[in-house]
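Just so you know, all these numbers are worked out from the coordinates, no wet-lab data involved. These figures come from a predicted structure and were not determined experimentally. In this analysis, Cβ positions are derived from the backbone assuming ideal geometry, glycine residues included, and neighbour counts consider all displayed protein chains.
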């Protein structure tokens with residue numbers, strides 16, 4: 001089997017443009033969650049989130065490419081692709097090996113820009129109902145469908161057209177596990193010799209549709225204070241906070257990367273994914289699927305469990321997820337579980353759904369490169385049921401050779417990727 005390495009990274013986050021800004025802000029413990037004042041919000045919709053700064057969107061218009069999309073979300077996300085390609089020095093490969101490159105980026109197009117004028121009145125009607133009336137809700141949905149086919153042109157397509165790449169494309173939609181699945185499936189394509197290079201990751205723009213849905217499910221934090229609302233593993237956590245962003249990785253077959261002489265940042269050692277077959281929203285409280293995914297990931301990597309140095313948790317700040325993930329880690333690592341530092345990136349940037357795991361993959365790679373683990377913001381008083389080594393608040397210096405990235409999505413989507421320090425072979 002082929003070995004798969006990472007040769008480029010790109011990020012658009014609520015901190016702005018670039019991996020350096022993203023990583024340094026996390027290490028410094030900067031909160032990016034803010035009040036949302038630009039939308040017409042009414043009823044029980046949560047009014048906070050972590051959005052990409054408007055100045056970053058404006059800067060995206062300076063990126064001149066004849067094939068770049070007109071919509072502002074795709075424009076700014078293309079900057080993450082550009083950053084990853086430049087770091088990987090992939091330009092000549094794109095020109096000469098277009099059909100040998102896979103594009104797999106998880107995303108879901110927002111309906112926000114086109115339909116906010118219709119969605120808000122629709123939501124107001126729903127919110128005024130004295131009791132739940134599914135028939136009336138469906139009638140409203142037929143009247144003005146929430147999703148439109150023309151709004152679903154995948155970001156994969158934009159990227160492949162922009163760069164004129166003719167290799168395989170894969171659109172991934174496994175909820176909050178999508179970023180990991182996009183990276184993982186690209187990894188498998190390279191590992192099995194189908195392609196040599198992949199542009200992969202995830203992109204997501206916070207939209208009103210999702211805010212309505214998650215609010216009505218009771219999944220979002222009701223804390224109106226953006227500085228305190230997202231608090232993974234804390235006993236006072238009450239739900240997640242939505243965010244926006246884009247994380248891009250360039251994956252490459254090791255020998256292909258070595259022939260090009262490009263810098264190798266890290267290696268992917270293992271990947272696994274499965275489904276709970278339990279419930280559409282709640283995770284399995286026994287954590288059977290999550291346990292299996294993490295176990296298989298480590299087994300496929302061919303390592304012993306005691307070499308895992310860091311876990312970047314899914315860590316959403318919901319009661320059920322944080323509990324379930326803790327159970328899964330205990331199930332997998334047993335007596336070793338308390339010795340592995342764990343942190344949640346979402347504590348500072350919210351949950352960027354399809355993009356979350358891709359951004360967290362970048363975190364894992366930087367933790368390996370810099371021997372640093374960022375803290376979990378707002379972890380003031382740990383839940384008594386959660387008794388692992390969750391890194392609170394401040395950065396911790398740790399020699400990280402193996403970093404595990406967990407992502408668990410609605411519908412029982414479980415995924416795990418193990419990132420590994422790349423050590424250049426002796427001649």
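Treating only the Cα positions of the stretch 175-248 as identical point scatterers, give the base-10 log of I(q)/I(0) from the Debye formula at each q in 0.20 Å⁻¹.
Here log10 of I(q) over I(0) equals -0.90.
With the Cα gyration tensor of the stretch 272-330 in hand, convert its eigenvalues to equivalent ellipsoid semi-axes via √(5λ) and list them largest first in whole Å.
Over the Cα atoms of the stretch 272-330, the semi-axes work out to 21, 14, 8 Å.
Going by the alpha-carbon gyration tensor, a ≥ b ≥ c the square roots of its eigenvalues, is the stretch 221-297 rounded (a/c under 1.5) or, if a/c is not under 1.5, prolate (a/b greater than b/c) versus oblate?
Oblate, because a/c is 1.5 or more while a/b does not exceed b/c.
Exposure proxy check: 276, 107 ranked by fewest other beta carbons within 10 Å?
276, 107
How large is Rg over Rh for the stretch 243-284, taking Rg from the Cα atoms and Rh as the Kirkwood inverse mean of 1/r across Cα pairs?
1.20
Considering just Cα atoms, how many Å³ per residue does the convex hull of the stretch 305-427 enclose?
It comes to 111 Å³ per residue, whole-number rounded.
Order these by the 10 Å Cβ neighbour count, fewest first: 353, 95, 248, 17.
Taking fewest neighbouring Cβ atoms as first place, the list is 95, 17, 353, 248.
Under 1.5 on a/c is rounded, so check that first for the stretch 328-392, then, if it is not, pick prolate when a/b is larger than b/c and oblate when it is not; a ≥ b ≥ c are the square roots of the alpha carbon gyration tensor eigenvalues.
Prolate.
For a footprinting-style exposure proxy, rank 364, 395, 262, 246 by other Cβ within 10 Å, fewest first.
Ordered from fewest to most neighbouring Cβ atoms within 10 Å, 364, 395, 262, 246 come out as 395, 262, 364, 246.
Please give the Cα centre distance for the stretch 237-253 versus the stretch 378-425, rounded to the nearest Å.
The stretch 237-253 and the stretch 378-425 have Cα centres spaced 14 Å from each other.
Roughly how many nanometres apart are two label points built 7 Å out from the Cα toward the Cβ at residue 393 and residue 299?
4.1
With a ≥ b ≥ c taken as the square roots of the eigenvalues of the C-alpha gyration tensor of the stretch 370-420, please select rounded if a/c is under 1.5 and otherwise prolate if a/b is larger than b/c or oblate if it is not?
Here the stretch 370-420 falls in the oblate category.
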